[in-house]
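Q: Please read through the structure below; I'll follow up with questions.
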Amino acid sequence: MREVHIVLICGLMLIVGLIISDAYMYREVTDRSLGTAEVRLVYATSGIMPQLLNTSQVDSFFVWEPVVSTAVMGNIGSEIATEADIPPVGKWTDSACTILVMRNDFIMKYPEIAAYLSAVTMAGIQQIHTDPDDAQNITASWVFGSQPIRSAGVFLDPEDVEEHSFKNLNFTDTAPFPGITAMSSMEQGQAVSGTDPSEFLDESVAMRAKELLNGSEPEFPAEVPTVRIGYLPSSDQPAPLYVAIKDPDTMYATYGFCLKPPGPVSGHPGRCDLVVDNRTIAHVTLLPGQVGGGIMTGLGQNAMDAAYIGSVPAEMQISMGNNASGIQSVCAGGSGLIVRNDAPCTDWDSFVSWIKERSEEHKPVIIAVPQSSIQEEIIREAFAYENIQITLYGLSPHDLIQDIP
Amino acid sequence: MTRLHTVTKGLVLPVIIIIAWELLSLSIHNSYILPGWELILPVLLHPAESLFGGASLFENSIISLQRVLFGFMFAGAFAIILGLICGWSEPVNEYVNPLVQILRPVPPIAWMPLAIAWFKIGFGSLIFIIFIGAFFPVLISTIEGVRTLRERWLEVAETFDATTWEKFRTVVIPGALPSIWTGLRLAFGVAWMCLVAAEMLPGTSAGLGYLIMYAYNLGQIQVIVAGMIVIGIIGIASDFLFRLGQSRMFGWQGKE
Amino acid sequence: MTDILVLKGISKRFIDENTVCQALSDITCTIRRREIVCLMGPSGCGKSTILRILSGLDTADSGVVHGCNGEKTGNIHTAMVFQEHGLFPWLSVADNIAYGLTMKIRSRSREQIKRKVSDLLSLVHMEDFASSLPHQLSGGMKQRVAVARALAVEPEVLLMDEPFSSLDPFTRRELQDEVLRIREKLDTTFFIVTHNPEEAVYLSDRVIILTRRPAKVLKEIEIPQSYPRNMAEPELIALFQEITRLVSTGST
Ligand SMILES: Nc1ncnc2c1ncn2[C@@H]1O[C@H](COP(=O)(O)OP(=O)(O)O)[C@@H](O)[C@H]1O
Ligand SMILES: [Mg+2]
């Protein structure tokens, strides 16, 4: 029977170990300063957020379009605020949400190609403003395909969703880059009290792009490189890119350059050519990603040359040593705060009261956000402003506390 | 002395890799591709410092270990009980075995969407994924252990008028233990590997897998490497403990 | 001497898928109290089967086994020593010996078991190895432990199936002497299957020889000599030769 005893003792030791480690983690929780209201954040990918809300696993989520519109139109939840309504009021209203980023050595090596990519983006933005209906349809088929999408029991027409979504989006190449404070001060050893947008902006590319848009004589590089561009295929924000690729003829007719897919255009093409005056000057490969941070890491690893991603992950990583620069904004707006249909709130202020109420009942409101995204930064700054403490949801049986700086 | 020698031999390749790594990192000079040890070591040497405003490396490891142990113990307990029953009773096994064979090849992480729906984001779904990963190795080696018991041992018990339960307690369980133990050892390895995948599920806010994902999104490759090293060290340490237990408890194996 | 075990018309057949194997047909014999009886016969004739029926591991198709007062098999108290793999490798020597006593049916107190185990350890000269594990013992020592374990439950008849056949000649002789000594001390009755005529002649009061399958009793041979026996004696040599002939030819 000796062996059986040893096994039992091992099992017992495991249990004791669990209890001790659990107590250790619990210490973190009890250290928490009581008194302030508490809200919980949970990191999730954008695609799964409607499911989480619909199954009551979260009370709310804050994410980009078209996930917001899908949730609203699928009647999964109601949108109570956009970034413009969230304090500090005004900060996010017209600031860049998605930007075009490029690796510095790419800019150095192929300045003209970099400028053309920026010019294509600006032209795409122009095209969206010229024909918004067409842009919505293009975006709809890029993000969702042609089939109706199913959302919590109802079928939605992708074009209706995009029509709803585009009201939330302001495509512009002139939006100022926001400085980030909440997330950058979370970084260990990075005692930055906020980022300074001018530090990672490279305005030369956009300036040259404007010249090209105005008909400046192109300089053709000797070789035809392949440019790898990262983007989030589940988001509407890169719409200028979608429009450029799906409707290259309009752009070519206007400006004499375009991004042309090799074959007939359907679905979302993975590659296309940068054509100027009937000449291919670069091959472009599109690389889809899950979150902006991951794409920025790809840039740092020389796996990509340029990307359409959120301003926040881009600024975060550049401030931490990623050798890349922001070129221009692509759009402003495009984030929405969704709450459960039965939530007793209609705007940001009533949302905050609800959070305080639930915090007193020791059932903190749970909000899902994409990790290290602009939405995380907005929500963290907002709760810092409201003096509400953020804890992270989903830690062992207990939760680890994060003090808001 | 010979022991020392085997340890030294085992260290040769890692040391070569560490040196080559450092040399390469000096020549590449891009911490996104190959962070040097001057970046990795500080992370490893300050395990108690908070990373990215969240848990420290040490806390992340403890949390991961805790999750693995939790899922592992659940899986172990269920799998051993079911395995003993299936190994003992052929009819039960005929019912259970086809299902086991169908479910076994499914990678644990494929359960992720369902796990989130059933067990909610966070602790529940993580434990479930680890459970799935650890369950089958234990189950299969328990069944195997009972099946390959020496008929003679059961006959001996019978000649002493053992009841069915006494046979189970005094022969089946101790006789199958070495095989069960091997199953547990394999399962712990699998559970530990599933964890990294499972902690990349939404709804985690700490743990080594989470830390690696988070560090990836922030481009902090040196933290990823540090996390990998810790995962490896915990893996090798647990395997060592299992082997130690094996030689201590089941020295008779293969010599009976 | 009183009869302790009476086998009457025992027969047994094994049916495996399509093949029928008639192992025993009409075995009739008697074993008396305090006797050492050796059971011999050609390989595969059914010797082990007889022991298995006596120990309750198998049941006979027909025939009866009587105890001293005409009881049925189940009530005759037997214990079995197998040729090999009989010890539990995860139990120490002492725990192996105690094994039979821990069964609920015998409900012994911890104290009683402890005393009994230490008595048996000294009976088989294994005191120094009480806490050893079986794989640390030699073959002869293992069989000593197996004998002690079987004796622990105080059987009326100790059944042994080729107990010493895998031991070297010196160890085998040692253990044969041990059997004789135990019989002197405890008055145990032994029913031993062996394929070694020399062992039968050295050890037993009587040898029962079976025919080929389907087995019947071919002949019973009394060995009237007293113990300890000198194997060089002509009478024993003659018996040895006769037994060898009977077993190998299978006829008188
Ligand atoms: N469980 C069984 N199933 C089928 N046949 C068996 C079984 N056990 C024994 N036999 C057969 O019965 C015969 C006698 O076996 P056994 O008693 O082991 O012989 P031995 O005299 O060598 O000990 C053999 O021919 C053997 O093949
Ligand atoms: Mg036999």
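Readers should treat all values here as calculations from the given coordinates under stated rules, not as data from a laboratory. Just so we're clear, the structure is a prediction, and the values are computed from it rather than from any experiment. Cβ: placed from backbone, ideal geometry, glycine included. Neighbour counts: every protein chain shown.
Q: What size of dipole, in debye to the nearest 20, comes out for region C:150-217 about its Cα centre when the only charges are +1 on Lys and Arg C-beta atoms and -1 on Asp and Glu C-beta atoms?
A: That gives a dipole near 400 debye.
Q: Let me know the mean shielding of C:82-89 by other chains, meaning the per-residue number of their Cβ atoms within 10 Å of its Cβ.
A: What the average comes to for C:82-89 is 6.
Q: Also: Order C:90-101, C:154-165 from most to least packed using the mean count of other Cβ atoms within 10 Å.
A: C:90-101, C:154-165
Q: Let me have the relative contact order for chain A, percent, based on Cα pairs under 8 Å that are six or more residues apart.
A: 34
Q: Quote the relative contact order of chain B in percent (integer), defining contacts as alpha-carbon pairs under 8 Å separated by 6+ residues.
A: Result for chain B is 24 percent.
Q: Going by the alpha-carbon gyration tensor, a ≥ b ≥ c the square roots of its eigenvalues, is region A:195-336 rounded (a/c under 1.5) or, if a/c is not under 1.5, prolate (a/b greater than b/c) versus oblate?
A: prolate
Q: Follow-up question, since we're still on this one. Could you go through region B:137-153 in sequence order and give the Karplus-derived ³J(HN,Hα) for each residue, using 6.51 cos²θ - 1.76 cosθ + 1.60 with θ = phi - 60°, rounded to whole Hz, and x for Gly and Pro?
A: Per residue, the Karplus-derived 3J(HN,Hα) values read x, 5, 4, 5, 6, 5, 4, 4, x, 6, 4, 8, 4, 6, 3, 4, 4 Hz.
Q: Of C:103, C:153, C:90, which is farthest along the charge dipole of region C:88-154 in the positive direction, counting Lys and Arg as +1 and Asp and Glu as -1 at C-beta?
A: Value computed over the given set: C:103.
Q: I need to check one value: relative contact order of chain C, counting alpha carbon pairs closer than 8 Å and at least 6 residues apart, in percent.
A: In percent, rounded to a whole number, it is 26.
Q: Something else about it: What ranking do B:44-51, B:111-118 get when scored by the average of other Cβ atoms within 10 Å per residue, highest first?
A: Packing proxy ranking, top to bottom: B:111-118, B:44-51.
Q: Identify, among A:122, A:143, A:289, the residue whose Cα sits farthest towards the positive end of the charge dipole of region A:96-333, taking +1 on the Cβ of Lys and Arg and -1 on the Cβ of Asp and Glu, with the dipole about the Cα centre.
A: A:289
Q: Averaged across the residues of B:147-156, what count of C-beta atoms belonging to other chains lies within 10 Å of each residue's C-beta?
A: For this peptide, the per-residue mean of nearby foreign Cβ atoms is 4.
Q: Using a 10 Å cut-off around each Cβ of peptide B:245-252, what is the average number of partner chain Cβ atoms that fall inside?
A: 4
Q: Right, next: In debye, nearest 20, what is the charge dipole magnitude of region B:21-169 about its Cα centre with +1 on Lys and Arg Cβ and -1 on Asp and Glu Cβ, if you could check?
A: In debye, rounded to 20, region B:21-169 gives about 260.
Q: Quick check on packing: order A:276-289, C:102-115 by the mean number of other C-beta atoms within 10 Å, highest mean leading.
A: Peptide ranking by packing, descending: A:276-289, C:102-115.
Q: Along the Cα→Cβ direction, 7 angstrom out, place labels at residue B:38 and residue C:127. What is the inter-label distance in nm?
A: 7.3
Q: Continuing with the same structure: Just name one of B:207, B:5, C:251: the one whose Cα is farthest towards the positive end of the charge dipole of the protein assembly as shown (beta-carbon charges, Lys/Arg +1, Asp/Glu -1).
A: In the protein assembly as shown, that residue is C:251.
Q: In addition: Would you please state the base-10 log of I(q)/I(0) at q = 0.07, 0.16 1/Å for chain C, with intensities from the Debye formula using one equal scatterer on every alpha carbon?
A: -0.24, -1.23
Q: Output wanted: per-residue J couplings in Hz (rounded whole) for region C:116-126, from phi through Karplus 6.51 cos²θ - 1.76 cosθ + 1.60, θ = phi - 60°, x for Gly and Pro.
A: Using θ = phi - 60°, the values come out as 4, 5, 6, 4, 5, 4, 6, 4, 9, 6, 10 Hz.
Q: Moving to a separate point now. Using the 10 angstrom Cβ neighbour count as an exposure proxy, how do C:116, A:246, A:167, C:216 rank, fewest first?
A: In increasing order of surrounding Cβ atoms, one gets A:167, C:216, C:116, A:246.
Q: Moving on to the next point. Dipole size in debye (nearest 20) for the protein assembly as shown around its Cα centre, Lys and Arg Cβ +1, Asp and Glu Cβ -1?
A: Taking the Cα centre of the protein assembly as shown as origin, the dipole is about 5120 debye.
Q: FRET efficiency for residue C:15 and residue C:227, Cβ-Cβ distance as r, R0 = 60 Å, nearest 0.05?
A: Step by step, r from the Cβ atoms, then E = 0.85.
Q: I would also like to ask the following. Skipping prolines and chain starts, which residues have an amide H placed within reach, meaning under 5 Å, of the one on residue A:271, given they are 5 or more residues away or on another chain?
A: Under 5 Å from the amide H of residue A:271 lie the amide H atoms of A:286, each far enough along the sequence or on another chain.
Q: Rounded if a/c is under 1.5, else prolate if a/b beats b/c, else oblate: with a ≥ b ≥ c from the C-alpha gyration tensor eigenvalues square-rooted, which is the protein assembly as shown?
A: Taking the square roots of the gyration eigenvalues as a ≥ b ≥ c, the protein assembly as shown is prolate.
Q: Take the Cβ-Cβ distance between residue C:2 and residue B:147 as r, set R0 to 41 Å, and report the resulting FRET efficiency rounded to the nearest 0.05.
A: 0.35
Q: Can I ask one more? Step through the residues of region C:139-144 one at a time and calculate ³J(HN,Hα) from phi using the Karplus curve (6.51 cos²θ - 1.76 cosθ + 1.60, θ = phi - 60°), rounding each to whole Hz and writing x for Gly and Pro.
A: x, x, 5, 4, 5, 4
Q: Around residue C:14, which amide H atoms from residues at least 5 apart in sequence, or from another chain, sit under 5 Å from its own amide H, with H modelled in the peptide plane?
A: Residues meeting the amide H criterion: C:21, C:22, C:23.
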